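Heads up, the thing below is written out as structure tokens.
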Amino acid sequence: MERKVNEKRQQLKALSKGIGLLIKAGAVDSINEGLIEIYTKGDHKEFKSYKKWKTDGMQVKKGEKAFLLWARPKGVGKIEDKAVQENKEEKFFPMAYVFSNAQIEPLKGEQQND
């Protein structure tokens, strides 16, 4: 299990490397924003955590694989983010697992209001 998590972390690091140039160029404001731009293809338009989709009355379809983003380390607030980003020392950032609108369906018994 830990090996799979490390593999996913390495994949996320590799994807994130190129986004640093986009941030310097002003094309995106954050690494996660750049990752979302990469993930936004075809029907994948909106991304939320499993818990957030559930709160919104939706269920992630069985067998769907999550998209990976960087999560904020516990104890780091929004004000501190710039200081963390500017710090050259590598920090441990947990991974966040999100799903797109193309990977969900209404919860059983829930009706959607269109």
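Worth a mention:
- Verdict on F99 being hydrophobic (A, V, I, L, M, F, W, C), in a loop (DSSP other than H, G, I, E, B) and either within 21 Å of Q10 (Cα to Cα) or at pLDDT 95 or above (or both): no
- Taking the listed residues E7, E64, E2, the one that is among the acidic types (D, E), surrounded by fewer than 16 Cβ atoms within 10 Å (Cβ to Cβ) and under 25 Å from E105 (Cα atoms) is E64, with no other qualifying.
- Checking every residue in region 36-52 against the condition of being over 18 Å from F99 (Cα atoms) and either without any contact (Cβ under 8 Å) to a residue 12 or more places away in the chain or surrounded by 11 or more Cβ atoms within 10 Å (Cβ to Cβ) (or both) gives zero matches.
- Residue pairs meeting the criteria (Cβ under 7 Å; at least 6 apart or on separate chains; first closer than 14 Å to I36 by Cβ, in region 91-108; second surrounded by 14 or more Cβ atoms within 10 Å (Cβ to Cβ) and of a type in the set (V, I, T)): F99/V60
- Among the candidates L68, L12, the residue that is touching a residue at least 60 places away in the same chain (Cβ under 8 Å) and touching a Lys or Arg at 6+ places or on another chain (Cβ under 7 Å) is uniquely L68.
The values are calculated or read from the model by the stated rules, or taken from the named source; none is laboratory data. Computed from a prediction, not measured in an experiment: that's the story for all the values here. Reconstructed Cβ throughout: ideal geometry from the backbone, glycine too, with neighbour counts over all protein chains shown.
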